[in-house]
Each structure stands twice: as structure tokens, then as C-alpha cells.
Amino acid sequence: MKKKLKEMTVEDILACDEFQTAMTELVDYEKSSVAQARRTAFTQGKRLQRTVIDRLEERGVMNATDMIHLYAQIICGVLMGYSSIERSYIKMVGLQAYKVTIQKLKNTDG
């Protein structure tokens, strides 16, 4: 049986399917936004500068599972080896996914 929102810890929320879904949607949206911007710039004969998303993709962590893991490390204050821009981006996306998840859980709790 699922816990009610009031009974859940942050760890429970990060592990729930709703958070995974929210993070997947956000990561996919961010990647498609950059790809669209790059295509638009290309058609205008311009070049888009490297983004934080590009950096994270180069590291192989621009997927929901890895982003959740990195977000958890940021919350605990133990993430190392990433620039402040990368950490800020991971935190921003994680917080958005967290807020979406909380809202979904509130709506299902009634």
C-alpha cells in the first residue's frame, strides 16, 4: 500500500514512480528544446553555443535515472566533480520534478 503524502520522506518521494515520470518528462523536454534551438540556429546560419545540457550529455548523465541520483547527492551536499553551473542546473530540474510530484501526490491524496 502506498504511503500518504504526509507520511512520505524526501527519500520516498525521490524513489516514487511519479518523481521518475516527472524527471523523465523534464529531461526529455530540456533535450528537445536545445535540439530545436540548435536546428533553428543552423537554418539561420548561426551556431548555438555549448549548453549545460551538452556538458551533461557528454558525461553520459542526461537521463532521468542519473539526474535523480545526482539530485539526491546535491540535496545531501555530497556531489563533487561538477561545475557550479552543472550543479545549479541539476538542482533546478530536480526541484521542478519535485514540485510536480508533490502536486500530483496532493491531487491523488484528495
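The values are calculated or read from the model by the stated rules, or taken from the named source; none is laboratory data. What you see is a predicted model, and the numbers here were worked out from it, not measured in a lab. Neighbour counts are summed over all protein chains in view; Cβ atoms, including those assigned to glycine, are modelled from backbone coordinates with ideal geometry.
Give the residue that is surrounded by the fewest Cβ atoms within 10 Å (Cβ to Cβ), with candidates limited to residues of region 90-110 that are free of Cβ contacts under 8 Å to residues at least 60 places away in the same chain and β-branched (Val, Ile, Thr). Before the answer, list the steps.
As a first pass, look at region 90-110 and keep what is free of Cβ contacts under 8 Å to residues at least 60 places away in the same chain: 90-92, 95, 99, 103, 107-108, 110.
Now drop any that are not β-branched (Val, Ile, Thr), which leaves 90, 108.
Numbers: Ile90: 23, Thr108: 11.
Per the stated criteria, the residue is Thr108.
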Residue set Arg39, Arg87; condition of a type outside the set (Ser, Thr, Tyr) and either outside any helix (DSSP H, G or I) or surrounded by 13 or more Cβ atoms within 10 Å (Cβ to Cβ) (or both); output residue Arg87
Selection within region 22-64 - in contact (Cβ under 8 Å) with a residue 24 or more places away in the chain and polar (S, T, N, Q): Thr24, Asn63
Sole exception among (1) within 16 Å of the chain's Cα centre (by Cα); (2) part of a helix (DSSP H, G or I) for Val61, by number: (2)
Which condition from (1) surrounded by 14 or more Cβ atoms within 10 Å (Cβ to Cβ); (2) not in a helix (DSSP H, G or I) is the one that Arg55 breaks? (2)
Which one of Tyr29, Tyr71 is modelled with pLDDT of 95 or more, in contact with a Lys or Arg (Cβ under 9 Å, 6 or more places away or on another chain), of a type in the set (Phe, Trp, Tyr) and assigned to a helix (DSSP H, G or I)? Tyr71
For Glu18, indicate whether it is surrounded by 15 or more Cβ atoms within 10 Å (Cβ to Cβ) and among the acidic types (Asp, Glu). yes
Among Lys31, Lys46, Lys91, Lys104, the single one that is over 15 Å from the mean Cα position of the chain (by Cα) and farther than 22 Å from Lys6 by Cβ is Lys46
